[in-house]
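The values are calculated or read from the model by the stated rules, or taken from the named source; none is laboratory data. None of the values given here were measured: they were computed from a predicted structure. Cβ sites come from the backbone with ideal geometry, for glycine too, and all protein chains shown count toward neighbours. These accessible areas exclude ligands, DNA and RNA; they are computed on the full protein's heavy atoms, side chains included. Shrake-Rupley method; radii C 1.70, N 1.55, O 1.52, S 1.80 Å.
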Amino acid sequence: MGGLEARMQKKLFSELGLSPESLKAVAKMGFEEASPIQSETIPKLMEGKDIVGLSQTGSGKTAAFAIPAIERVDVTIRAPQVLILCPTRELAMQVAEEVAKLVQFKKGVRELPIYGGQSYDRQLRGLREGAQIIIGTPGRVMDHLERKTLKLDQVAMVILDEADRMLDMGFREDIETILKQAPAERQTVFFSATMPPMIRTLIKNFTRAPVNIRIEAQAMVVPAIDQVYYEVDRRSKLEVLCRLIDLQDIKYGIIFCGTKMMCDELADHLKARGYSSDKLHGDISQQMRERVVAKFKKRGFEFLVATDVAARGLDVDDIEVVFNYDLPQDAEDYVHRIGRTGRAGKTGRAITFVAGREIWKMQQIIRFTNGKVRREKVPSAEEVEEKRTNAFLETLRETLEKGDYKRQDATIDQLLNAGHSATDIASALIHLLGGDKPAVQPIIEEQAPRREFREPRGGGNYEPRAPRDYPKYEPLKTREARPEKREPREPRPAARPHRHEPSPVSHETGMVRLAFNLGNEQGVAPGDFVGVIAGTTRLPKEVVGRIDIGDRQTFVDVSDESATFILKKLNGIRFKGHKLAVAVAR
Ligand code: ADP
Ligand code: MG
């Protein structure tokens with residue numbers, strides 16, 4: 001391949017030679033400057049060059065290819081001139097929406113998404129009406145080519161977005177067929193996160209002297225996201241989530257869960273606690289999913305609980321916060337998830353919960369994001385109480401200022417005459433209202449309804465929040481409060497040896513206990529062991545069982561069948577500045 005290496009410079013959109021209509025569109029979208037990949041790609045594409053772009057999620061690829069594509073359209077020709085191929089319908093929809101925004105001031109340029117699951121009628125109408133920019137999945141594009149309802153003879157530019165994923169999904173033959181049908185003198189653009197050999201072959205066969213552009217992960221369009229994480233015991237996640245939502249008055253967010261079951265469970269819990277929410281996961285019908293997304297976009301409810309897969313391609317602006325209720329699979333997924341907040345130059349927030357041993361995974365994420373994620377302490381019940389007390393005072397003050405209450409002069413005079421001070425009387429009333437109780441304040445919630453009376457901004461059928469079921473600020477089981485070293489899920493054997501005198505024998509069947517030559521004195525944490533074992537051997541972290549950290553050594557249970565392999569891989573490597581010595585414990 002060879003070619004240019006990108007200088008990672010950002011430019012202003014006005015320096016890129018765009019039409020006034022496109023400049024107006026990016027300004028309206030809130031883009032202040034072009035991202036590095038846009039700065040590199042747009043001028044090259046405008047010159048007519050082929051491009052091979054390697055870059056991370058969230059770097060702004062869509063506009064990088066869509067703007068030049070739009071500029072290239074000849075409005076006098078009412079036939080497809082640009083073809084954008086995407087791996088999934090969700091991505092096609094997402095790209096189509098971005099193209100629609102970019103094209104909004106261009107008269108006579110039309111885009112048309114084409115993907116499975118959508119009615120042929122609409123697509124046929126769009127094609128007949130002369131859409132010039134087609135955004136589609138390879139499968140559906142092939143369909144139309146075979147039916148001869150889509151012709152590529154006027155196509156001047158073909159873009160393959162997320163090419164590696166399209167190949168993973170088995171679209172290689174379709175892609176080749178499509179590229180062969182497009183005129184040979186067209187421009188071709190490949191975007192891919194990775195460059196497996198199959199892509200190199202495609203590039204060799206279907207591009208002409210492409211310019212290679214590579215943008216590193218650091219250059220992403222996501223610096224405007226405030227990222228924090230909390231170490232939370234699994235069982236306290238719900239409680240902490242509610243505290244954060246209340247304390248920070250969060251009104252519109254996505255909450256990511258690891259599994260469908262978790263999604264169901266959490267959505268139910270949130271509803272029970274009076275937060276309007278709905279869920280999105282793979283077991284929900286496509287029709288239902290679309291309804292949920294539409295309602296969420298209209299702010300018909302506050303929290304969307306979703307799995308990664310279901311939320312892929314979900315394009316919602318103005319998300320205040322992305323919660324990682326469960327940690328994502330890897331750092332890339334993390335970036336993908338949090339990219340949903342802080343869109344279009346606005347600041348967004350990402351809040352991540354880390355349970356037990358997951359901390360080592362969080363460390364990888366922190367490294368990947370160049371340390372942009374801060375650790376925060378879980379808000380205490382007192383802080384939450386204080387916030388509620390303040391809300392109560394605020395309501396009281398408002399009521400006083402407005403004067404919309406019935407005066408009780410006679411009653412109060414009686415009390416004053418009996419020798420009670422005004423302060424005593426007011427305090428007693430607050431007491432009766434529950435305003436001085438630390439945990440139980442149902443009346444305050446009714447009187448100070450920060451949420452119940454909130455109107456959703458976009459209309460939609462809003463279900464008023466049921467009064468919350470206080471008392472709800474239960475004592476937390478934070479990591480600080482429970483300094484145990486293991487995840488709490490597995491039942492602990494009845495006779496658990498004291499941590500500082502760990503037993504060399506595993507109590508679990510199928511497990512072998514290994515002894516490591518590091519312990520508390522070397523400052524190790526359980527996550528370190530899971531990390532070094534999984535990281536060095538590439539075995540799933542589930543092979544690691546109990547971890548007992550002693551002062552100078554640590555016992556780690558690992559599954560029988562992997563013990564020998566682990567011993568072989570780990571012995572002698574450097575870890576935390578020490579040479580590891582691992583042996584079967586005895
Ligand atoms: P990629 O395809 O590289 O993953 P996208 O094209 O989907 O990235 O862009 C990610 C997000 O960044 C989108 O919400 C997009 O609107 C926004 N974005 C793109 N370019 C800019 C820019 N120059 N300034 C601010 N936001 C941008
Ligand atoms: Mg993209």
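Taking the Cα centre of the range 370-417 as origin, work out the dipole magnitude from +1 charges on Lys and Arg Cβ and -1 charges on Asp and Glu Cβ, in debye rounded to 20. Working shown, then result.
Details: 10 positive and 11 negative charges, 90 e Å.
Dipole about the Cα centre, nearest 20: 440 debye.
Report, in debye and to the nearest 20, how large the dipole of the range 86-155 comes out about its Cα centre when Lys and Arg carry +1 and Asp and Glu carry -1 on their Cβ.
Numbers: 12 positive and 9 negative charges, 52 e Å.
So the dipole magnitude of the range 86-155 works out to roughly 240 debye.
Could you tell me which of Gln227, Thr201, Met169 has its Cα farthest along the dipole of the range 168-284 towards the positive end, charges placed at Cβ (Lys, Arg +1; Asp, Glu -1), taken about the Cα centre?
Thr201
What relative contact order, as a whole-number percentage, does the range 225-380 give when Cα pairs under 8 Å and 6 or more residues apart are counted?
Relative contact order of the range 225-380: 37 percent.
Relative to the Cα centre, what is the charge dipole magnitude of the range 493-584, using +1 at the beta carbon of each Lys and Arg, -1 at the beta carbon of each Asp and Glu, and rounding to the nearest 20 debye?
Numbers: 12 positive and 10 negative charges, 71 e Å.
The calculation lands at about 340 debye.
When all protein chains stay in place, what accessible area (Å², nearest 10, 1.4 Å probe) is found for Arg200?
Per-residue accessible area (Arg200): approximately 120 Å².
Give me the net charge for the shell around Tyr405: Cβ to Cβ below 13 angstrom, other residues only, Lys and Arg +1, Asp and Glu -1. Working shown, then result.
Values: positive: Arg397, Lys402, Lys406, Arg407; negative: Glu398, Glu401, Asp404, Asp409.
For residues surrounding Tyr405, the net value is 0.
Rounded, prolate or oblate: which one fits the range 382-433, using the alpha carbon gyration tensor with axes a ≥ b ≥ c (rounded when a/c is under 1.5, else prolate when a/b beats b/c, else oblate)?
On the way: a/c = 3.53, a/b = 1.59, b/c = 2.22.
Oblate.
What shape does the range 2-214 take by its C-alpha gyration tensor, where a ≥ b ≥ c are the square roots of the eigenvalues and a/c under 1.5 counts as rounded, a/b above b/c as prolate, and the rest as oblate? Let's see the in-between values first.
On the way: a/c = 1.61, a/b = 1.13, b/c = 1.43.
Judged from the Cα gyration tensor, the range 2-214 comes out oblate (a/c at least 1.5, b/c at or above a/b).
From the residues Ile412, Ala381, Leu400, which one has its Cα farthest along the dipole of the range 357-440 in the positive direction, the dipole being from +1 and -1 charges on Cβ of Lys/Arg and Asp/Glu about the Cα centre?
Comparing the listed Cα positions along the dipole, Ala381 ranks first.
Would you mind checking the pairs Lys298/Lys402; Lys61/Lys361; Lys101/Lys295; Lys271/Lys297; Lys10/Lys377 and listing those with alpha carbons more than 30 angstrom apart?
Details: Lys298/Lys402 33 Å; Lys61/Lys361 28 Å; Lys101/Lys295 21 Å; Lys271/Lys297 19 Å; Lys10/Lys377 36 Å.
Distance filter (> 30 Å) returns Lys298/Lys402; Lys10/Lys377.
Using a 1.4 angstrom probe and counting only protein chains, how large is the accessible area of Met195 in Å², to 10?
The accessible area of Met195 comes to roughly 30 Å².
Testing the spin-label approximation: label points 7 Å from Cα along Cα→Cβ at Lys151 and Glu398. State their distance in nm.
Inter-label distance under the simple model: 6.4 nm.
Can you tell me the length gained on complete extension of the stretch Lys298 to Thr537, counting 0.36 nm per residue apart and subtracting the Cα distance? Show your work: numbers first, answer last.
On the way: separation 239, 0.36 × 239 = 86.04 nm, distance 4.74 nm.
Difference between extended and current length: 81.3 nm.
Roughly how much of Glu382 is accessible, in Å² to the nearest 10, using a 1.4 Å probe?
Only protein atoms counted, so the area is about 130 Å².
Counting only heavy atoms of the protein chains, get the accessible area per residue of the range 382-433 (1.4 Å probe) and round it to a whole Å² value.
Details: 4050 Å² over 52 residues.
On a per-residue basis, the range 382-433 sits at 78 Å².
Per residue, what accessible area does the range 225-380 have, given a 1.4 Å probe and all protein chains present, in Å²? The partial results should precede the final answer.
Values: 5740 Å² over 156 residues.
Each residue of the range 225-380 exposes 37 Å² on average to a 1.4 Å probe.
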